[in-house]
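Nothing in this text is a laboratory measurement; each read-out follows from the coordinates by a stated rule. Source: prediction; values computed, not measured. All Cβ positions, even for glycine, are placed from backbone atoms using ideal geometry, and neighbour counts span all protein chains on display.
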Amino acid sequence: MDSRYDVVIIGGGLGGLLSGVLLAKEGMKVCLLEKDKQLGGCLQTFSLHKKVFDSCVHYIGGLGEGHTLHSIFRYVGIMDKLHLKAFDTNGFDRIAFGNDETEYPQATGKENFTEQLARYFPREKDALEQYVRTVSQAGDHFPLYRLRAGSPEEKSAVSGWGLVDTLNSITSNARLRQVLAGNNLLYAGEAGKTPFYLHALVLESYIHSAHKIVPGSSQLSKFLWQELQQHGAEVHRNTEIVKLVEENGELRYAESAAGERYYGKHFVANLHPEALLGMLESKLVRPAYRNRIKGLEQTISTFMLNLVLAPGTVPLRRYNLYWNAAEDSWQAVHYQPQEWPANYALFFTEDEHNPGYAESLSILAYMHYDEVARWAHTHNHTGHKEDRGEEYADFKARRSERLLNKVLERVPELKGNIVAQSAASPLTYRDYTATPKGSLYGILKDVNKPAETTIATRTRIPNLLLTGQNVNLHGVLGVSITAIATCAELVGMEHLLHKITLNRPVGR
Ligand SMILES: Cc1cc2nc3c(=O)[nH]c(=O)nc-3n(C[C@H](O)[C@H](O)[C@H](O)COP(=O)(O)OP(=O)(O)OC[C@H]3O[C@@H](n4cnc5c(N)ncnc54)[C@H](O)[C@@H]3O)c2cc1C
């Protein structure tokens, strides 16, 4: 066997980088291949008018001491290096509807979460307490989220709970239900489809602690890259893999667009399964499986408007604002183009030179891929620059204006104080991360079809594993947990968890 590497990792998003560090720390010779110049996938940042913008990750749950994510990042050597900024603990997120001026807080800490919302819903204190308990209960059934090995049966006890049904069983107060689910953009929730556990695992982490990485989420990829180098791993950027070749039942090599071949004993794909299957030459993967993956529904995509603000003009909000046009936040995902924007989320960044003021604002709103499908033949990212044409530029400009006008109704102080702006569409996300249709979080989880919409870390090719947001859960926490599940296939779960939890501070 002429394998040069113990493990070849395809894709340098968080899933690939973290898997790489976990395996390199075990003494494995790791090679990580990333198509873009900048590592990180969704962790990438860019600058506009000398201000740093996050392309995706604006805040992270569970980085506070005592949380699982904190332990994982500490184990891989990056926790102490991250420069974190906490949000307002009495409301890291605020939820608003239509023209109603009320902004309902979602606060840090289980008791505080209940207390802050009970001010708006004084008769619902019991329901709020039950909600917080139910969120924890669901989390307890996902052993890896508690850094335990556990068994698959544990999950099945709660994985059939639908989000809407569970919220309905907790309270009959329609507005409170909507407030609890009002930031469903965090998981691209769909009524009747989204499982409760998805909501619970995401929200639980933010209720524990909510932080922004300063100056941007690319700090995560930078520090993971440094760890990879320290542990002797090779990282090849600008290396797009176009072919994966299986021979005699095992994956032999990954081939880049430039024709380089990377041989490995094991392979980890940090890719969307549809993209992976598109480059995999193997009869072991049956057409029925390929069709199943191709037929899966993806979470909706997004339009992002980034604004640079005039110094000292727009007071900082130390929270993220989630606005839903309708009283029923579940409608946003089904918007018609003429109704757009049906929702938005606002992410402010503080100006270090003018404390208390924002230097920039990112606005995120759902957008269906169909709205930009007519330009789908164009491809534009750092490794492949292409002008998508005037019509596309015009579309982006008109949508930016529409979105900004909507935001101005709630944040009028932005008027006249925007120095520069740029926008990203579903095509931008498709091209930068190779996620089909620029989907926000990959494959849509459907509580009615758990088996079909859940992707395993193992594949039919024994030395090919999967990692990343399409396996289990999306988000920085979800992808980190999945990296453990993936690497455990190679080094053993008990072994890995023992190392991660060794000397772990108590206090969950
Ligand atoms: C707009 C948006 C906002 C978000 N906000 C948050 C947030 O605030 N907090 C949070 O926790 N999560 C957030 N998320 C989710 C989170 O960013 C993702 O779930 C997570 O970063 C995905 O990591 P990944 O490693 O699975 O995939 P990716 O980050 O998509 O990484 C995949 C990598 O593979 C590379 N690749 C693809 N094809 C090839 C190929 N053929 N050859 C080589 N390399 C290839 C890509 O370039 C990319 O670097 C957000 C996501 C989006 C889209």
query = Assuming Ala423 fulfils every condition listed in (1) out of contact with any helix residue (DSSP H, G or I) (no Cβ under 7 Å at 6 or more places or on another chain); (2) part of a strand (DSSP E or B); (3) within 16 Å of the ligand (Cβ to nearest atom) apart from one, which condition is it?
reply = (1)
request  = Tell me, yes or no, whether the stretch 145-163 has at least one residue that is under 24 Å from Asn343 (Cα atoms) and either surrounded by 19 or more Cβ atoms within 10 Å (Cβ to Cβ) or under 24 Å from the mean Cα position of the chain (by Cα) (or both).
outcome  = yes
message = As an exercise: evaluate Thr457 against (1) surrounded by fewer than 21 Cβ atoms within 10 Å (Cβ to Cβ); (2) under 16 Å from the mean Cα position of the chain (by Cα); (3) not small (Gly, Ala, Ser) and give the number of the one condition it does not meet.
response = (2)
remark   = The correct count of residues that are under 19 Å from His495 (Cα atoms), within 12 Å of the ligand (Cβ to nearest atom) and either of a type in the set (Val, Ile, Thr) or in contact with a His (Cβ under 9 Å, 6 or more places away or on another chain) (or both) in the stretch 15-40 is 1
message = Checking the structure you have, find out if any residue of the stretch 16-30 is in contact with a Gly (Cβ under 8 Å, 6 or more places away or on another chain) and part of a loop (DSSP other than H, G, I, E, B).
response = yes
request  = Quick one: which residue in Gln219, Gln229, Gln178 is surrounded by fewer than 23 Cβ atoms within 10 Å (Cβ to Cβ) and either at positive phi or without any contact (Cβ under 8 Å) to a residue 24 or more places away in the chain (or both)?
outcome  = Gln229
key: Any hit, the stretch 5-14, residues being more than 8 Å from the ligand (Cβ to nearest atom), small (Gly, Ala, Ser) and touching a residue at least 12 places away in the same chain (Cβ under 8 Å)   = no
message = I'd like the residue in the stretch 279-302 that is in contact with a helix residue (DSSP H, G or I) (Cβ under 6 Å, 6 or more places away or on another chain) and assigned to a strand (DSSP E or B) and, out of all such residues, is surrounded by the fewest Cβ atoms within 10 Å (Cβ to Cβ).
response = Gln298
query = Which of the residues belonging to the stretch 41-92 are away from the ligand (no atom under 13 Å from the Cβ), under 17 Å from the mean Cα position of the chain (by Cα) and part of a strand (DSSP E or B)?
reply = none
